[in-house]
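Report on the following structure.
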Amino acid sequence: MQTVKLHFLGASGTVTGSKYYLETSECNIMIDCGMFQGLKELRELNWKPLPIDASKIDIVLLTHGHFDHIGYLPRLLKEGYNGTIIGTEPTLAITEIVLMDSAKIQEEAAERDNEEALSVHQPAMPFYTIEEAALTCKKFQVEKRDNWHSLSTNIKFRYRYNGHILGATFIEMEVFGKQFVFSGDIGRPLDYLLDAPERPRWADYLLLESTYGNKLHPKENVEEALKALVNKTILEKGTLIIPSFAVERLQSLMYIFWKLYKKNKIPDIPIFIDSPMGNNVLSVFEAFPKWHKLSHEEYLAMRDHFNIVSSYRETWETIDDPRPKVVIAGSGMVTGGRVLTYLKQLVDITTTTVLLVGYQAEGTRGRQLLEGAHELKLFGKYYPVKAKIEHFESLSAHADQEELLHWLKEIKNIPEMVFLVHGEPLALDAFRVKIKDSLGWLVKVPKLYETVEILIDAKTD
């Protein structure tokens, strides 16, 4: 009899900070290592040490390169982790870009807070430094998808293609003869740039994301809606600001705008891409053509259609540009990045439109705008919101409830337990009831820092 302990260290009862720790007699494995975002009470958890001994972790496996799945990695090293960090080649390329960019932003924010005395902490410290992020990247080890990789005598895993973003996978792990499946974030069957997710065929224990566990994405015509917003922006001589995640969403938006222009559906309005991290991710698309649908020729033509903003000086030149324009800038939930500078200058102007695309977590500025906030706190000051706020939920890179259920339907057995993770409480509970009623499976919604003991009656090799 083998005892396996499953620790829920993040994205449990919340949609952020994915971290799961599998403790076994042969090998201790962490799956994803993300930072909490959104509500202050969640963000403050990032500064507290994990309730496990990081030095006892043998390996870290990453499902994909989004910040809420990889952003805690440098802190894990500070807590004593000294093993390798495994992911697919695009995932590790994106993870390096995200970590280095995040460290730079944190160093700059700490420096600004100290200069302007904005922080209650004296001195303000970055969550991690550029040097610590670079050290983390030296721990990377690439593994190919679809191949089984041994971690110990009786534990092996493989990556399976999952859509969502470039390089994203779900993980199938065989542990003493039982199949554990970690869904990561599941993509959409019909995506502009990525193929449909593959699906697991067997799962004894399943950790399943539930971001849209209680919703269906609207069947809106994104191209027509974007066309209307562009024409309105031109008519009003205003600015269309699109806060965007640097990974995948930015590239999808570029593709849609480029397609509209090629079809003569929109005029040649200047479109500025102001996301240093997003620009770097563009190069990852060029480097890994087998992971997306774009041909090399399409990629180059699309990239060359846009005005790429490469410096902070150019950000201000873009703001001062009097022409009607579109600005796509990080970050997607308006938690940081260049978009804050644009909003500081333009959110109080009635001819400005802010288009939110995809999920907006609790406690983020994006959620505040979505819920009709009359003012926005930016760089320590409040600015009145006079801009029009629009929202396209159908551009989400996450599967909705119907698509999640479709992803499950390839599973041939009845899982011993489904753990619902990576969702807000209402979504988790609604999806729990839906799975129970439609499939008859046992479903559990674990609490943050909960540990579940699983007994496996297995013969070891």
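Just wondering, is there one or more residues in the stretch 42-51 that are under 15 Å from the mean Cα position of the chain (by Cα) and either surrounded by fewer than 23 Cβ atoms within 10 Å (Cβ to Cβ) or farther than 15 Å from Asp185 by Cα (or both)? No, that holds for no residue. Contact annotation: residue pairs with Cβ atoms under 9 Å, 6 or more positions apart or on different chains, pairing a residue in the stretch 426-439 that is in contact (Cβ under 8 Å) with a residue 60 or more places away in the chain with a partner that is open to solvent by 80 Å² or more (accessible area, probe 1.4 Å), are Ala427/Lys215; Ala430/Lys215.
Considering every residue within the stretch 303-322, establish whether at least one is of a type in the set (Gly, Ala, Ser), under 14 Å from Met254 (Cβ atoms) and either free of Cβ contacts under 8 Å to residues at least 60 places away in the same chain or open to solvent by 60 Å² or more (accessible area, probe 1.4 Å) (or both). Quick ask: steps written out before the conclusion?
Quick first cut of the stretch 303-322, residues of a type in the set (Gly, Ala, Ser) only: 310-311.
Subset that is under 14 Å from Met254 (Cβ atoms): none.
Looking through the stretch 303-322, none of the residues is of a type in the set (Gly, Ala, Ser), under 14 Å from Met254 (Cβ atoms) and either free of Cβ contacts under 8 Å to residues at least 60 places away in the same chain or open to solvent by 60 Å² or more (accessible area, probe 1.4 Å) (or both).
Within the stretch 73-107, being open to solvent by 10 Å² or more (accessible area, probe 1.4 Å), in contact with a helix residue (DSSP H, G or I) (Cβ under 6 Å, 6 or more places away or on another chain) and part of a loop (DSSP other than H, G, I, E, B) holds for Glu79, Gly80.
Meeting the requirement of 3 or more residues that are open to solvent by 30 Å² or more (accessible area, probe 1.4 Å) and out of contact with any Asp or Glu (no Cβ under 7 Å at 6 or more places or on another chain), the strands (runs of 3 or more DSSP E) wholly within the stretch 326-445 are 388-392. As a summary of the residue check, Ala110 satisfies the conditions (1) crowded, with 17+ Cβ neighbours inside 10 Å; (2) without any contact (Cβ under 8 Å) to a residue 60 or more places away in the chain; (3) in a loop (DSSP other than H, G, I, E, B) except for the one numbered (3). Within the stretch 48-59, identify whether any single residue is among the β-branched types (Val, Ile, Thr) and part of a loop (DSSP other than H, G, I, E, B), and answer yes or no. For the stretch 48-59, residues among the β-branched types (Val, Ile, Thr) and part of a loop (DSSP other than H, G, I, E, B): present. Note on the stretch 243-323: enclosed helices (runs of 4 or more DSSP H) holding 1 or more residues that are under 15 Å from Val230 (Cα atoms) and of a type in the set (A, V, I, L, M, F, W, C) are 249-262. For the stretch 148-193, residues that are at pLDDT 95 or above, among the hydrophobic types (A, V, I, L, M, F, W, C) and more than 15 Å from the chain's Cα centre (by Cα) total 11.
The values are calculated or read from the model by the stated rules, or taken from the named source; none is laboratory data. As the structure is a prediction and not an experimental result, all values here were calculated from the model. Note: ideal-geometry Cβ built from the backbone for every residue, glycine included; neighbour counts use all protein chains shown. Remember, those area values only see protein heavy atoms, side chains included, never the ligands or the DNA or RNA. Shrake-Rupley method; radii C 1.70, N 1.55, O 1.52, S 1.80 Å.
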